[in-house]
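Visitor: My questions will all concern the structure given below.
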Amino acid sequence: MSVHPHEGLPSFDRAARRAAVLDRIGSGVAVFRAPTLRVHANDVEYRYRPDSDLFYLTGFPEPDAVLVLDGSAERERSVLFVQPRDPERETWTGKRAGVEGAVATYGADAAYPMSELAQHLTPIIARGGALYYHLGHDEPFNQKLLEIARAGWAQRPRTSNDLPTSLLSTGTLVHELRLYKSPEEIAWLQRAIDIAGEAHRAAMREVHPGMYEHEIEALVEYVFRRSGASGWAYPSIVAGGDNATVLHYTSNDCVLRDGELLLLDAGDELGCYCADVTRTFPVGREFTPAQRRIHDLVLESQLAAVAAVKPGVTIEDVHAAALNVLVDGLLSLGILTGTRQQAVKDGTYKPYYMHRTSHWLGMDVHDVGTYKRDGQPRPLEPGMVLTVEPGLYFASTLPGVPDEYRGIGVRIEDDVLVTATGHDVLSHAVPKSADAILELRAG
């Protein structure tokens, strides 16, 4: 008997999450929207992925739903509006939870059909208080909600002193909560990252000259699904040779040649928690001397940045730790001239390292949470998870680069948890030193 991929992973106290948001609402009301299905081609739809905030608060997996959190209600403080049961439709698209399941399975205080949203939400808005809603990508629903809001505001007496005075983003309620990962969330992230590690190791073992990038893409995503992930967390970047100098290359349609490097940036999604891992390794059996120098330099930079991760430092500090090593290396290779301080000040390194070193990671690959407070970089705190991913890129057309480095792109990325005493590299099981990669390749 096979083991279910979620077996052994802890469940979440989503009621406590909703309670935390309700505490922040005061007398206001927050509206969270699950997107509708989108058409891929003609009548074929994209695979559905829940809205991260609504799923964080409810676990409700179906499209076309709305969560209303009402801070001034006595009983129905958490209400789901969902698609009702429809046996004929469910024959084609699968069973729905319906209004009964929204309460019994997903913990809503009450649930109603989506068709009754205006009927129930209008009087809630009419009571006054701030309205929280994220004006995101669903323009038809944006307009529908504003119509409901106007109808609610119109019901208020002219003498009322508690008319809504603001429309605020629900991100101000939820995103700080999501930034700090609970032990349960860390367990889910770790499992997603472990699956990504399996895929990266499989690619390192199997790649050889003459394969196409899309063959490695297929192998990686096969491992994702075989291991129980829902699929990729972002389109896999499988970039051989000069393609690795394109940061978000996703064509994945070129042949892999001996003497080139393969940059693999691939992560899966498990229960809406994302992995984000990058490794760079030879298509053949060895690094060239020039490739080894660049790879070792990026690795030294990455290790310095990871070592900097601890409570109290900032993402800017982590970036600076990586950047200082990269600039010193570019100076020693003769690619840059002058001093480190001048190169950093003038940005002469940017043709070779044009992105930042870190971003938050969680239910979104580029996860929510502010990077600054009061205009200043915020200190890292236990429970935050970030990527650490320096790189160097020498496009074949880039002027002023020695020929031996042209067409080399290297990025090394790990997923790192901030702990009370420092950090924990969640993706540590994926080889990243040149020697460890070659040992795996040889085996």
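The values are calculated or read from the model by the stated rules, or taken from the named source; none is laboratory data. Note that the structure is predicted; figures quoted are calculated from it, not measured. Because the Cβ atoms are built from the backbone with ideal geometry, glycine has one as well, and the counts that use them run over all protein chains shown.
Visitor: For region 88-95, indicate whether the set of residues that are in contact (Cβ under 8 Å) with a residue 24 or more places away in the chain and not in a loop (DSSP other than H, G, I, E, B) is non-empty.
Guide: no
Condition check ((1) out of contact with any strand residue (DSSP E or B) (no Cβ under 8 Å at 6 or more places or on another chain); (2) in contact (Cβ under 8 Å) with a residue 40 or more places away in the chain) across all residues:
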| site | (1), (2) |
| --- | --- |
| Glu100 | no, no |
| Thr105 | yes, no |
| Ala108 | no, yes |
| Pro113 | no, no |
| Leu117 | no, yes |
| Leu121 | no, yes |
| Ile124 | no, yes |
| Ala130 | no, yes |
| Tyr133 | no, yes |
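Visitor: State all residues of region 257-307 that are β-branched (Val, Ile, Thr) and in contact with a Ser or Thr (Cβ under 7 Å, 6 or more places away or on another chain); if no residue qualifies, say none.
Guide: Val277
Visitor: In addition: Since Thr357 meets every condition but one in (1) under 14 Å from Lys310 (Cα atoms); (2) in contact with a Pro (Cβ under 7 Å, 6 or more places away or on another chain); (3) buried (at least 17 other Cβ atoms within 10 Å of the Cβ), which condition does it not meet?
Guide: Condition not satisfied by Thr357: (1).
Visitor: In region 180-199, which residues are under 15 Å from Gly228 (Cβ atoms) and either free of Cβ contacts under 8 Å to residues at least 60 places away in the same chain or crowded, with 17+ Cβ neighbours inside 10 Å (or both)?
Guide: Once the filter is applied, which keeps residues that are under 15 Å from Gly228 (Cβ atoms) and either free of Cβ contacts under 8 Å to residues at least 60 places away in the same chain or crowded, with 17+ Cβ neighbours inside 10 Å (or both), region 180-199 yields Trp188, Leu189, Gln190, Arg191, Ala192, Ile193, Asp194, Ile195, Ala196, Gly197, Glu198, Ala199.
Visitor: Now for a separate question. When both residues are 6+ apart or on different chains and their Cβ atoms are under 6 Å apart, which pairs have a first residue that lies in region 393-409 and is surrounded by 14 or more Cβ atoms within 10 Å (Cβ to Cβ), and a second that is among the acidic types (Asp, Glu)?
Guide: Gly407/Asp242
Visitor: Kindly evaluate Gly383 against the criterion of being touching a residue at least 24 places away in the same chain (Cβ under 8 Å), in contact with a helix residue (DSSP H, G or I) (Cβ under 6 Å, 6 or more places away or on another chain) and on the phi > 0 side of the Ramachandran plot.
Guide: no
Visitor: Any idea which of (1) within 19 Å of Gln83 (Cα to Cα); (2) assigned to a helix (DSSP H, G or I) is the one Arg49 doesn't satisfy?
Guide: All conditions pass for Arg49, except number (2).
Visitor: Given Val207, Val174, Val220, Val238, which one is within 24 Å of Phe12 (Cα to Cα), in contact with a helix residue (DSSP H, G or I) (Cβ under 7 Å, 6 or more places away or on another chain) and at pLDDT 95 or above?
Guide: Within the list Val207, Val174, Val220, Val238, the selection yields Val174.
Visitor: Restrict the check to region 200-217 and report whether at least one residue is buried (at least 24 other Cβ atoms within 10 Å of the Cβ), in the same structural domain as Asp415 (by TED's automatic domain parsing) and farther than 24 Å from Asp367 by Cα.
Guide: Yes, there is a match, as at least one residue in region 200-217 is buried (at least 24 other Cβ atoms within 10 Å of the Cβ), in the same structural domain as Asp415 (by TED's automatic domain parsing) and farther than 24 Å from Asp367 by Cα.
Visitor: Sort out which residues of region 28-81 are touching a residue at least 40 places away in the same chain (Cβ under 8 Å) and of a type in the set (Gly, Ala, Ser), and write them in order of number.
Guide: Those that are touching a residue at least 40 places away in the same chain (Cβ under 8 Å) and of a type in the set (Gly, Ala, Ser): Gly28, Ala30, Ser52, Gly59, Ala65, Gly71, Ser72, Ala73, Ser78.
Here's the yes/no breakdown for (1) out of contact with any helix residue (DSSP H, G or I) (no Cβ under 6 Å at 6 or more places or on another chain); (2) in contact (Cβ under 8 Å) with a residue 12 or more places away in the chain; (3) in the same structural domain as Ala275 (by TED's automatic domain parsing); (4) surrounded by 12 or more Cβ atoms within 10 Å (Cβ to Cβ):
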position: Val327; (1), (2), (3), (4): no, yes, yes, yes
position: Gly334; (1), (2), (3), (4): yes, yes, yes, no
position: Gln341; (1), (2), (3), (4): yes, no, yes, no
position: Leu361; (1), (2), (3), (4): yes, yes, yes, yes
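Visitor: Taking into account only those residues within region 111-129 that are under 31 Å from the mean Cα position of the chain (by Cα) and buried (at least 18 other Cβ atoms within 10 Å of the Cβ), which is nearest to Val66 (Cα to Cα)?
Guide: Among those that are under 31 Å from the mean Cα position of the chain (by Cα) and buried (at least 18 other Cβ atoms within 10 Å of the Cβ), it is Leu117.
Visitor: Okay, next question. Answer yes if at least one residue in region 259-276 is of a type in the set (Phe, Trp, Tyr), closer than 21 Å to Glu404 by Cβ and either surrounded by fewer than 23 Cβ atoms within 10 Å (Cβ to Cβ) or assigned by TED's automatic domain parsing to the domain that holds Glu185 (or both), and no otherwise.
Guide: No, there is no match, as no residue in region 259-276 is of a type in the set (Phe, Trp, Tyr), closer than 21 Å to Glu404 by Cβ and either surrounded by fewer than 23 Cβ atoms within 10 Å (Cβ to Cβ) or assigned by TED's automatic domain parsing to the domain that holds Glu185 (or both).
Visitor: Here's another thing I want to ask about it. Conditions first: (1) modelled with pLDDT of 95 or more; (2) out of contact with any helix residue (DSSP H, G or I) (no Cβ under 6 Å at 6 or more places or on another chain); (3) under 28 Å from Asp242 (Cα atoms); (4) not acidic (Asp, Glu). Gln376 passes all but one, so which condition is the exception?
Guide: (3)
Visitor: Quick one: how many residues across region 8-46 are assigned to a loop (DSSP other than H, G, I, E, B), within 18 Å of Gln83 (Cα to Cα) and of a type outside the set (Val, Ile, Thr)?
Guide: Number of matching residues: 3.
Let's see how each residue does on (1) closer than 23 Å to Lys432 by Cα; (2) not in a loop (DSSP other than H, G, I, E, B):
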{"position": "Asp242", "(1), (2)": "yes, yes"}
{"position": "His248", "(1), (2)": "yes, no"}
{"position": "Gly284", "(1), (2)": "yes, no"}
{"position": "Phe287", "(1), (2)": "yes, no"}
{"position": "Pro311", "(1), (2)": "no, no"}
{"position": "Val318", "(1), (2)": "yes, yes"}
{"position": "Val325", "(1), (2)": "yes, yes"}
{"position": "Leu331", "(1), (2)": "no, yes"}
{"position": "Ile335", "(1), (2)": "no, no"}
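Visitor: Continuing with this model, one more query. What tally of residues in region 131-161 results from selecting those that are in a loop (DSSP other than H, G, I, E, B) and either surrounded by fewer than 18 Cβ atoms within 10 Å (Cβ to Cβ) or not assigned by TED's automatic domain parsing to the domain that holds Asp23 (or both)?
Guide: 11
Visitor: Condition check: crowded, with 17+ Cβ neighbours inside 10 Å, among the acidic types (Asp, Glu) and at pLDDT 95 or above. Does Asp64 satisfy that?
Guide: Spelling it out, it is not the case that Asp64 is crowded, with 17+ Cβ neighbours inside 10 Å, among the acidic types (Asp, Glu) and at pLDDT 95 or above.
Visitor: May I pose another question? Just a yes or no: is a residue in region 346-360 of a type in the set (Lys, Arg), assigned to a loop (DSSP other than H, G, I, E, B) and farther than 20 Å from Val416 by Cβ?
Guide: Yes, because at least one residue in region 346-360 is of a type in the set (Lys, Arg), assigned to a loop (DSSP other than H, G, I, E, B) and farther than 20 Å from Val416 by Cβ.
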